[in-house]
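See structure below.
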Amino acid sequence: MKGRATVLVETNRLETWEVNVHSPEPGGALVRTVLGGVCGSDVHIMTGEAGEMPFPIILGHEGVGEIIELGAGVSTDYAGVPVKPGDLVVWSPIALCHRCYSCTILEETPCENSRYFEDASKPNWGSYADFAWLPNSMPFYRLPDGAIPEAVAALGCALPTVLRGFDRCGPVRFGDSVVVQGAGPVGLSAVLVAAQAGAREVIVIDAAPARLEAAVKLGATATVSLGLPQEERKRMIYDRVGKQGPDIVIEAAGALPAFPEGVDLSGIHSRYIILGLWGAIGTQPISPRDLTLKNLTVGGASFPAPKNYYHGMQFAARIQHEVPLAELVSHRFGISQAAEALHATKTGVATKAVIDPSIS
């Protein structure tokens, strides 16, 4: 059997390939891609901002798929839920080894032996494709009955990333004031989690009106345009939260200048959580004295653990009718239109773009 896939052959060069579709190995699964989420990290990977990649690779690390075939010995997902062909699943896109210090002692992901990509000519789990081949070491989870695929795909790896961030850096507490830099999927996920946790203020900074509008629908109490001068942005935020400043600032912009501004925005005895600066390689100047005077805690997180994908899926399915998650999917593209999908994501035109293989 053959299928199509979007292959990044080299930096800024995409091609649509016809690839072989392989039966699953023992312990693995073969799924038909229903929706492949387009992530801001994919933009950084394509442009080379995220560093050198093991080309050629099939893009896409967010996926909702339908089980086509299960490998020998597989009768449940990685949470012990029975599965069969026809069931919808999401998968954690990092192949872990489960046989190293990080996996077994630190219980942290990724580990030193993790595989993020496979050569495009080999069995592959990239989601910009008709099919995804999930190896034995890659956790996948069955969607709850009634879950809307678009509601789960809308926040892709962003919601698991935010859950990972709060796991590592501490949760939002009832009554906290929260500032979110950026209203892409990571920022919107942070808004959603903070609002659902009972934050008294959730203030979002972004340049795209459509994304700011989406943030309000997910629970933001105020928005601030990135087009305003930095000092004006700070004044507006402090006018709402008080002179002590916000309790939590979350970097979800993926842009280097956000970092020093986030330190400046952070309040007394607050936390600054870095989630978006995975792909933007570089440095920015800050005053270390600010960290001391504010008693500021700075932390970061990346590469969600499998449990974060499971909890994100469950969370999305639970609130899908009270919060318009599915509506966040603003743009759909076919496999051969991946370049357009990445452009819509990069420019902020799309609140959330997905690859839909059913589009020819």
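Hey, could you check the range 87-103 for residues that are part of a loop (DSSP other than H, G, I, E, B) and open to solvent by less than 20 Å² (accessible area, probe 1.4 Å) and say which is modelled with the lowest pLDDT?
To start, the set of residues in the range 87-103 that are part of a loop (DSSP other than H, G, I, E, B) comprises 87, 92-94, 96-100.
Restricting the remaining residues to those that are open to solvent by less than 20 Å² (accessible area, probe 1.4 Å) gives 87, 92-94, 96, 100.
Working: ASP87: 98, SER92: 94, PRO93: 94, ILE94: 90, LEU96: 84, CYS100: 91.
Among those residues, the one meeting the criterion is LEU96.
I need the full set of residues from the range 51-81 which are of a type in the set (Asp, Glu) and in contact (Cβ under 8 Å) with a residue 12 or more places away in the chain, in order please.
Our first condition is that a residue be of a type in the set (Asp, Glu); within the range 51-81, this holds for 52, 62, 66, 69, 77.
Correct list: GLU62, GLU66, GLU69, ASP77.
Quick grid of which residues meet (1) among the polar types (S, T, N, Q); (2) within 12 Å of GLU150 (Cα to Cα):
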position: GLN314; (1), (2): yes, no
position: ALA326; (1), (2): no, yes
position: HIS343; (1), (2): no, no
position: LYS346; (1), (2): no, no
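Just one of (1) more than 23 Å from the chain's Cα centre (by Cα); (2) over 20 Å from ALA344 (Cβ atoms); (3) not β-branched (Val, Ile, Thr) trips up ALA79, so point out which.
Looking at each condition in turn, ALA79 falls short on (1).
Any idea which of (1) open to solvent by 20 Å² or more (accessible area, probe 1.4 Å); (2) under 30 Å from ILE281 (Cβ atoms); (3) free of Cβ contacts under 8 Å to residues at least 24 places away in the same chain; (4) in a loop (DSSP other than H, G, I, E, B) is the one LYS84 doesn't satisfy?
(2)
Pairs please, first residue from the range 147-168 and of a type in the set (Lys, Arg), second anywhere and modelled with pLDDT of 95 or more and assigned to a helix (DSSP H, G or I), Cβ atoms under 6 Å, 6+ apart in sequence or on different chains.
ARG164/ASN308
In the range 253-266, how many are part of a helix (DSSP H, G or I) and out of contact with any Leu (no Cβ under 9 Å at 6 or more places or on another chain)? Explain how you work it out, then say what you get.
Taking the range 253-266 first, the residues part of a helix (DSSP H, G or I) are 258-265.
Those still in the list that are out of contact with any Leu (no Cβ under 9 Å at 6 or more places or on another chain) too: 260-262, 264-265.
Residues meeting the conditions: 5.
Within the range 226-271, track down each residue that is open to solvent by 10 Å² or more (accessible area, probe 1.4 Å), among the acidic types (Asp, Glu) and touching a helix residue (DSSP H, G or I) at 6+ places or on another chain (Cβ under 9 Å).
Answer for the range 226-271, where residues must be open to solvent by 10 Å² or more (accessible area, probe 1.4 Å), among the acidic types (Asp, Glu) and touching a helix residue (DSSP H, G or I) at 6+ places or on another chain (Cβ under 9 Å): ASP247, GLU261, ASP264.
Look at the range 21-42 and say how many of its residues are open to solvent by less than 20 Å² (accessible area, probe 1.4 Å) and under 23 Å from TRP278 (Cβ atoms).
Of the residues in the range 21-42, 6 are open to solvent by less than 20 Å² (accessible area, probe 1.4 Å) and under 23 Å from TRP278 (Cβ atoms).
Which of the residues that make up the range 267-278 are in contact with a Phe, Trp or Tyr (Cβ under 8 Å, 6 or more places away or on another chain) and part of a loop (DSSP other than H, G, I, E, B)? Steps first, answer last, please.
Residues of the range 267-278 that are in contact with a Phe, Trp or Tyr (Cβ under 8 Å, 6 or more places away or on another chain), as a first pass: 273-274, 277.
If the condition is that a residue be in contact with a Phe, Trp or Tyr (Cβ under 8 Å, 6 or more places away or on another chain) and part of a loop (DSSP other than H, G, I, E, B), then LEU277 is the only one that fits.
Considering only the range 43-69, state which residues are over 20 Å from the mean Cα position of the chain (by Cα) and open to solvent by less than 40 Å² (accessible area, probe 1.4 Å). Full working, then the answer.
Of the residues in the range 43-69, the ones over 20 Å from the mean Cα position of the chain (by Cα) are 52, 54-56, 66-69.
Across the range 43-69, the qualifying residues are PRO56, ILE67.
The values are calculated or read from the model by the stated rules, or taken from the named source; none is laboratory data. The structure displayed is predicted, hence computed values, not measured ones. Quick reminder, even Gly has a Cβ in these numbers, built from the backbone with ideal geometry, and neighbours come from all protein chains shown. The area values use the complete protein model at the heavy-atom level, side chains included, leaving out ligands, DNA and RNA. Shrake-Rupley method; radii C 1.70, N 1.55, O 1.52, S 1.80 Å.
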